[in-house]
Amino acid sequence: MVKEKISSSQLVLLIIPMIIATEFMSVPGVIYQFAKEDDWLSYLLSLITGVWAILVFTTLASRHPGMTFPEYLEKIMGKWLGKAVSMFYMYYLFLYVTTISDEVMSFITLFAQPKTPRMVTLGLFVAVCGIGAWLGIEVLARCSELLIPLSIIFSVVIAALLLPEMVPNFLTPVFGRGIVPILQGAVVPSGWAGEFFLLGFLLPHLNDPSKARASSFTGLLAVALIMMLVIVVSTTVNGPLTGQLKYAYYNAVRYLSIGEFLERIDPVIVGVWVYNGFLKTALFLWAFVLCIAQVFGVVKYRFLALPVTLLSIVGCLWAFSNAVDLSNFLTFTFPTESLVTQDIIPTLILGVDLIRSRKRGKYAQVVA
């Protein structure tokens, strides 16, 4: 079924929005609530779940080349149990699409289109993401090549221009509150780091499988550097207010003013957020469609994009009643849910695969 191919550089550029699209706005404020000035240390610690997910899924990909996560689940766990687990992840991907869409819509409604009916904005956004999922992973990879490098350059330029507004003392003292607040602050962003589980769908499309692990870790490094920059900018500009701001980085950018000719560039941040949000939502929607197709044996998955997109729009309206519910979910439920579904279950699957292959090897020796 795997026909579309992407390069290792395209994989790196897909990983960046896959992780940071819904992270770089809200995470700085959430981490600061727990870790205060040690928020950057909390973020570094949170990447452990991402490192582990990469190790697990690159190992599974190397053991089952050319097969996606739902396909080798059936090979490892048997047809019926494998399909049952795949259907669980199918539902999980559906929830993911609705959550990501809700995050992006909350931001757009608050800062870009407050008077536009939410249903209109949501419908248009998810519809565009559905088109991206229908076009496939190759088109999404080209989209990432188009603007993700510009988004990175823009973030660096913003940080440089905000240097006069930064107060380095807001990052001190290091370890001033001990290790416990740092560990608490690492819990929430660890959920986003675990999103590397989507490699189970992406790696079979890599045109050079030998570069899977190197490309994945390169993507992780890029995500870490970008997020560290975002967190440092948010903390040094906003100071103690960081923990009280839902979108701390956006608030920091609004401080930017050079003379009387460069100010109020926050609408550009909205554009960057929406584009990254589009890529992330389209990626997870594509994985959702692909998962459905492989569970039910559909060869041509593209025609499923339309009904799945409509289902996702309905799901977005049903999932969270308001922004407070969404915020509570991301802070208190999402980290644990992510740890179980994105790290623990895949680790158990890899363990079963290793045990079964070892038993098959011993059986082959006995027969020989």
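The values are calculated or read from the model by the stated rules, or taken from the named source; none is laboratory data. Keep in mind the model is a prediction, meaning the values are calculated, not measured. Cβ: placed from backbone, ideal geometry, glycine included. Neighbour counts: every protein chain shown.
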Residue ID - surrounded by the most Cβ atoms within 10 Å (Cβ to Cβ), chosen from residues in segment 56-67 that are over 19 Å from the mean Cα position of the chain (by Cα) and assigned to a helix (DSSP H, G or I): Ala61
Quick one: Val272 ticks every box in (1) in contact with a helix residue (DSSP H, G or I) (Cβ under 9 Å, 6 or more places away or on another chain); (2) under 26 Å from Ile345 (Cα atoms) bar one, so which box is it? (2)
Checked segment 68-89 for anything surrounded by 22 or more Cβ atoms within 10 Å (Cβ to Cβ) and under 21 Å from Val314 (Cα atoms); matches are Tyr89
So which of Phe170, Phe175, Phe196 ends up being of a type in the set (Phe, Trp, Tyr) and closer than 20 Å to Ala53 by Cβ? Phe196
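Is segment 16-35 home to any residue that is surrounded by fewer than 22 Cβ atoms within 10 Å (Cβ to Cβ) and either closer than 27 Å to Arg142 by Cα or over 17 Å from the mean Cα position of the chain (by Cα) (or both)? Give the steps one after another, and end with the answer.
Pass one, segment 16-35, residues surrounded by fewer than 22 Cβ atoms within 10 Å (Cβ to Cβ): 33-34.
Adding the requirement that they be either closer than 27 Å to Arg142 by Cα or over 17 Å from the mean Cα position of the chain (by Cα) (or both) leaves 33-34.
Yes, because at least one residue in segment 16-35 is surrounded by fewer than 22 Cβ atoms within 10 Å (Cβ to Cβ) and either closer than 27 Å to Arg142 by Cα or over 17 Å from the mean Cα position of the chain (by Cα) (or both).
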Has segment 43-55 got any residue that is at pLDDT 95 or above, surrounded by 24 or more Cβ atoms within 10 Å (Cβ to Cβ) and more than 23 Å from Ala212 (Cα to Cα)? yes
Which residues, taken from segment 1-46, are small (Gly, Ala, Ser) and assigned to a helix (DSSP H, G or I)? Ser8, Ser9, Gly29, Ala35, Ser42, Ser46
Any chance you could count how many residues in segment 236-284 are without any contact (Cβ under 8 Å) to a residue 12 or more places away in the chain and in contact with a Pro (Cβ under 7 Å, 6 or more places away or on another chain)? 0
Can you tell me which residue within segment 228-283, out of those that are modelled with pLDDT under 90 and on the phi > 0 side of the Ramachandran plot, is surrounded by the most Cβ atoms within 10 Å (Cβ to Cβ)? Arg264
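For residues in segment 163-181 being in contact (Cβ under 8 Å) with a residue 24 or more places away in the chain and in a helix (DSSP H, G or I), which is surrounded by the fewest Cβ atoms within 10 Å (Cβ to Cβ)? Steps first, answer last, please.
The initial filter retains those residues of segment 163-181 that are in contact (Cβ under 8 Å) with a residue 24 or more places away in the chain, namely 165-168, 170-177, 181.
This time we only want the ones that are in a helix (DSSP H, G or I), so: 165, 168, 170-171, 181.
On the way: Glu165: 14, Pro168: 9, Phe170: 18, Leu171: 18, Pro181: 21.
Here the residue is Pro168.
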Among the residues that make up segment 144-160, is at least one of them surrounded by 18 or more Cβ atoms within 10 Å (Cβ to Cβ) and in contact with a Ser or Thr (Cβ under 9 Å, 6 or more places away or on another chain)? no
